[in-house]
Each structure stands twice: as structure tokens, then as C-alpha cells.
1. Just give me the residues in the stretch 155-174 being buried (at least 16 other Cβ atoms within 10 Å of the Cβ) and among the small types (Gly, Ala, Ser), in sequence order.
2. Would you be able to say whether some residue in the stretch 291-298 is outside the structural domain of PHE108 (by TED's automatic domain parsing), β-branched (Val, Ile, Thr) and in a strand (DSSP E or B)?
3. Can you pull out the residues in the stretch 308-324 that are more than 18 Å from the chain's Cα centre (by Cα), surrounded by 15 or more Cβ atoms within 10 Å (Cβ to Cβ) and either of a type in the set (Lys, Arg) or not in a loop (DSSP other than H, G, I, E, B) (or both)?
4. Listed residues LEU20, LEU68; which is in contact with a helix residue (DSSP H, G or I) (Cβ under 7 Å, 6 or more places away or on another chain), closer than 30 Å to ARG122 by Cβ, assigned by TED's automatic domain parsing to the domain that holds GLN231 and not hydroxyl-bearing (Ser, Thr, Tyr)?
5. Go through (1) at positive phi; (2) among the charged types (D, E, K, R); (3) touching a Leu at 6+ places or on another chain (Cβ under 9 Å) for GLU95 and report which single condition fails.
6. Return the residue satisfying two criteria in turn: it lies in the stretch 101-126 and is among the β-branched types (Val, Ile, Thr) and over 21 Å from the mean Cα position of the chain (by Cα), and of such residues it is nearest to ILE151 (Cα to Cα).
7. Looking at the stretch 61-72, which of its residues are surrounded by 24 or more Cβ atoms within 10 Å (Cβ to Cβ) and farther than 15 Å from GLN231 by Cβ?
8. Being surrounded by fewer than 23 Cβ atoms within 10 Å (Cβ to Cβ) and among the charged types (D, E, K, R), is that true of even one residue in the stretch 187-209?
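The values are calculated or read from the model by the stated rules, or taken from the named source; none is laboratory data. Not measured: the values here are computed from a predicted model. Note that each Cβ is placed from the backbone with ideal geometry, even for glycine, and that neighbours are counted across all protein chains shown.
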Amino acid sequence: MKGFGSDNHSGVHPELLRALINCNAEHAPSYGTDLYSEKAIQHFKKEFGVATEVYFVFNGTAANVLALRFLMKRHESVLCSTISHLNVDECGAPEFFAGKLQALPHTFGKLTLATLQAAVIRQGDQHYSQARVVSLTQPTEMGTCYTIGEIKEITQWAHSQNLYVHLDGSRLANALEFLDCSFKEMTSDLGVDVVSLGGTKNGLMMGEAIVVLNSELAKGAHQQLKYIRKQSAQLPSKTRFIAAQFEAYFQNKLYLQIAHHVCRMANDLYEKLASIPGVEITGPRESNAVFAKIPQAWIKPLREKYFFYVWDEKTFECRFMTSWDTTAADIDGFIHQMQQLSQRKLFFERT
């Protein structure tokens, strides 16, 4: 059964699966000293900048949490949105490993400069956790994207306050598609310090990367982050199976092909949902997520064939996600079922 629950639900993209098969031959050195890792890291440097340092980990929570642990001390805090993955979906791991989270109000998932400025208070007060990191999610949990200008403005202000900027980029390529820019233009060129680059939501079997962009931090990463990663049980022995996927992901800009497809499918879904009576679109479509309120009675019959998540159990706002393997037929089948429910609703309302 295919659905719109999450891009985590899809299988492995054929080209990335082929990369896994191809590297599954003979022996290779372990712990990232293999040729596949070297080649993948060269791709990272090409996409993000020559000063880039890369640390492969197993999952997204590790990428976020270990990046923060590297950037901050235990008495310091990270400014993030109330709906950020850090705050909602990581089981307290950021505070267990790194430092305090200071969750701030958002607009469609995005933090504003004014909100961040108002949150930096009591500097030097020993009774108050000191702000050290701003964490932005790109695209956000609501599927929206910070513009290049917004990231630049926040980053420049953060650095003026001696704060680092971390980008949670579990679906970062989808923002490239929407904003029509490169990885470097969205991160390194704007002064972003560290990126958690996702793989699993973008067609990989598993694997994420902590990408250190700040050249001064990169020097420290070599002396600190590699030990933090090992101590946190996130150093893959057979690193080549993560690295080979990223190499293929960057090769011939496969990441853009995947991003273009998922965003095109999401836009198709967005437009067709908007035309159905009884459906209320609740936010803009800027990546591969569509948010809409639907009648409660529709949820069970729809999810029997096409699974999706109810984002808000009180309002019945739902999130619909497209994946690399979403097809036009999947969307048409889902829309057809929803149209039938809508017509049935209209019929009973008239009678």
C-alpha cells in the first residue's frame, strides 16, 4: 500500500539501491577511511564549499543532536521553533546530549528575526541558560521555506550576537527546488555554520550527514566532533554503505531530480485538493508537504487505502507528503476517493 504519510515510508530509490549493491563487493577499510567515503566527501565539498567537513551518522536525530553538542555547552541553549523536530520529535535527546531548548512561536513553521531578537535576554546572568545556537528547519515542519534573504538576515544577526546557526536540512534539496538555488547559495554563502543533511527522507536506505561549513569550526570538528560521534555510538563501521549512497545522490545532481519530482507531485496534489468541496487548504505549498483540513468522517475510509497523518486531532488538519516514488496515478486515485466522499457529503446535506 502506498500513501501520503511520510517520505520516510517509501523504499530506496533505484539508483541509490544500485549504489549499495555496487559497493557491496570485496573488502574496504572501515570507519570512513574507504574510497567511497573519500569520493562522497569530495562531492560535499563541491556542493557546499571546499572548507566543508563531513561526518556520516545513522539517523536524523543523531545529526541534529551531535551537531548541537558540538556547537554548545551544557549550560547554553538553542533557539528553535515550537514545532521543530528538535523540540517535538526527538524524545528530549537534544537536552540529554547538548543543552537547553528554547522553543519560540512561529509563522507556518518559520522563525522571524524579531522573535529571535526578543528571545536573547539576560546575557551574562548565571541563573539563565545562555543562548548559543539558532536552529532553523529548511524546509520547515509545515513545508514552508525560509527565503535566501531571511536566512541571510538571521545569520548576520546571529553572528553579531556571537550565536551559531544550525540548519536542520532533512529535506534540504526540496528547498533548493522551490527557491531555485544551490546548496552553497543557501548555506555557506549566507554564513550558515552547520547543516544536518538528510538522506533517508530523500531516497536513501539510511544515513545522514553532519556538514560543518564554518572554516574555524571545521578545524575544531576534526579535534572534537569525530570523538563526539564515536562516544555517542554513531560512528558507522561500514561507512561506505552510507557514503556510496550520498555519492550517487550528488552524482549527476540526482538530488535535484528527486526534489523536482516530489515537489511537482505535491503541487499536483495541492491543486486538486483545493478544488474539492469540504477540503480547506491551511497553508502554502513550498516543498513536498500539503496541509489541509478535511471532515473527520473522511479520515478512516481514506486511510484504509492511502495512509496519511492527522496533524491536529482537534481541527482534523492533515498532512499529506509526497515521495520519490509518488505517481500521478497515486494522486488521482486518492483524489477520486476524496471526491466520492465529498459528493456523498453534499448529497446528505441537500436531503
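1. Within the stretch 155-174, ALA158, GLY169, SER170, ALA173 qualify.
2. No, there is no match, as no residue in the stretch 291-298 is outside the structural domain of PHE108 (by TED's automatic domain parsing), β-branched (Val, Ile, Thr) and in a strand (DSSP E or B).
3. Within the stretch 308-324, VAL310, GLU317, CYS318 meet the criteria.
4. LEU68
5. Going through the list (1) at positive phi; (2) among the charged types (D, E, K, R); (3) touching a Leu at 6+ places or on another chain (Cβ under 9 Å), GLU95 breaks only (1).
6. It comes out as THR115.
7. ALA63, ASN64, LEU71
8. yes
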